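Bear in mind that the values in this text are calculations on the coordinates, not laboratory data. Quick caveat, the model's predicted, so the values are computed rather than measured. Note that each Cβ is placed from the backbone with ideal geometry, even for glycine, and that neighbours are counted across all protein chains shown.
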Amino acid sequence: MIRLAALGGEVKLDLESRLDGRGIYICLSKDCRLSELDAGKLSYSLKTLVTKESTASVSEQLRKLVSK
């Protein structure tokens, strides 16, 4: 599981679970379908507006992390 944190409208990977802000945890396995992160679902879970650009950036970072 990895934490995503909402900081000032941006979503950041929180690899050490230390960032301030509301956070959610997501699974890193292929079964969790990381490629299907959705700005609307993240906005709802994080209780803040999340842009499509921010979601795309986090999705790309997660893909790189999983491929290592």
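For this structure, a couple of remarks:
- Phi-based couplings in Hz for region 13-26 (Karplus 6.51, -1.76, 1.60; Gly and Pro marked x): 6, 10, 5, 9, 6, 10, 6, 6, x, 5, x, 9, 10, 10
- Dipole in debye (nearest 20) - the chain, about Cα centre, beta carbon charges: Lys, Arg +1; Asp, Glu -1: 120 debye
- Taking the chain and dividing mean pair separation by its residue count, relative contact order in percent (alpha carbons under 8 Å, at least six apart): 33 percent
- Taking the square roots of 5 times each eigenvalue of the Cα gyration tensor of the chain, largest first, gives ellipsoid semi-axes of 17, 14, 10 Å.
- Charged neighbours of residue 8, selected by a Cβ distance under 12 Å, balance to 0 (K, R count +1; D, E count -1).
- Applying the Karplus relation 6.51 cos²θ - 1.76 cosθ + 1.60 with θ = phi - 60° to region 58-67 yields 3J(HN,Hα) values of 5, 4, 5, 4, 5, 4, 5, 5, 5, 6 Hz, where x marks Gly and Pro.
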